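K.L.:
Below is the structure I would like to discuss, written out as structure tokens.
No lab work stands behind these numbers, since they all come straight from the coordinates. Everything numeric here is computed off the predicted structure, so don't read it as measured data. Cβ sites come from the backbone with ideal geometry, for glycine too, and all protein chains shown count toward neighbours.
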Amino acid sequence: MREVIRARGHENVRAEHASTFEVTTDDWLTPAGDCILAVEADRAPADFDPAFVEACRSHDARVTCEVGVDGGTHVGTVTGRGHPDLTFESDRSAVARTSDYVDDRTVMVDADHAAAGFDRELVDALRDGADLVVTLRVERE
């Protein structure tokens, strides 16, 4: 199962956060938002298919997030897992976390890296305003 979010970069994208990365529906970004990869997302977790959400609500769920810009020129992949407490209720942003903390924005826990782990060429493209495609996939282990 998969969910796709389309968003765009912003001049203030820094992608330096060590424990999270985020894609938001907001149309603005301040320099303090060092976990945010992109703005103006066309979807948020509250829009996801209930079957996808249910599949993610298990410690046995493996969640993979692929982010790509410039028609696939720059791609990054993050792998984590699901959690029984995931709600996918946020209508504003999707957040992946390296920890096991869960709130209404969380779409993945125990991610193998956060914003700071993305390739700097990908981050530079986002800072230049590139369009971003985020593909979330879930599988049961």
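K.L.:
Using the number of other C-beta atoms within 10 angstrom as an exposure proxy, rank Met1, Met108 with the fewest first.
P.N.:
Met1, Met108
K.L.:
Rounded to the nearest angstrom and ordered from largest down, what semi-axes does the equivalent ellipsoid of the chain get from its C-alpha gyration tensor (root of 5λ)?
P.N.:
The answer is 23, 14, 14 Å, longest axis first.
K.L.:
Quick one: Glu40, Glu54, Glu3, fewest Cβ neighbours within 10 Å first, how do they rank?
P.N.:
Ranked by crowding around the Cβ, least crowded first: Glu54, Glu40, Glu3.
K.L.:
If you rank Thr24, Thr135 by fewest surrounding Cβ atoms within 10 Å, what's the result?
P.N.:
Ordered from fewest to most neighbouring Cβ atoms within 10 Å, Thr24, Thr135 come out as Thr135, Thr24.
K.L.:
Give, as a single signed number, the net charge of other residues whose beta carbon lies under 9 Å from the beta carbon of Thr135, with Lys and Arg counted +1 and Asp and Glu -1.
P.N.:
0
K.L.:
What do you get for chymotrypsin sites (Phe, Trp or Tyr not before Pro) in segment 29-103 restricted to DSSP loop and a cutoff of at most 15 other Cβ within 10 Å of the site's Cβ?
P.N.:
Passing sites in segment 29-103 are Tyr101.
K.L.:
Can you give the local net charge around Cys56? Use residues other than it whose beta-carbon is closer than 12 angstrom to its beta-carbon, Lys and Arg +1, Asp and Glu -1.
P.N.:
Around Cys56, the charge tally is 0.
K.L.:
Whole angstrom only: what separates the Cα centroid of segment 71-141 from the Cα centroid of segment 14-66?
P.N.:
Cα centroid of segment 71-141 versus Cα centroid of segment 14-66: 5 Å apart.
K.L.:
Could you give the dipole magnitude of segment 2-140 about its Cα centre, charging the beta-carbon of Lys and Arg +1 and that of Asp and Glu -1, in debye to the nearest 20?
P.N.:
Roughly 280 debye, rounded to the nearest 20.
K.L.:
Tell me, what is the percent relative contact order of segment 2-140, built from C-alpha pairs under 8 Å that lie six or more residues apart?
P.N.:
Values: 396 pairs, mean separation 49.5, N = 139.
The value is 36 percent.
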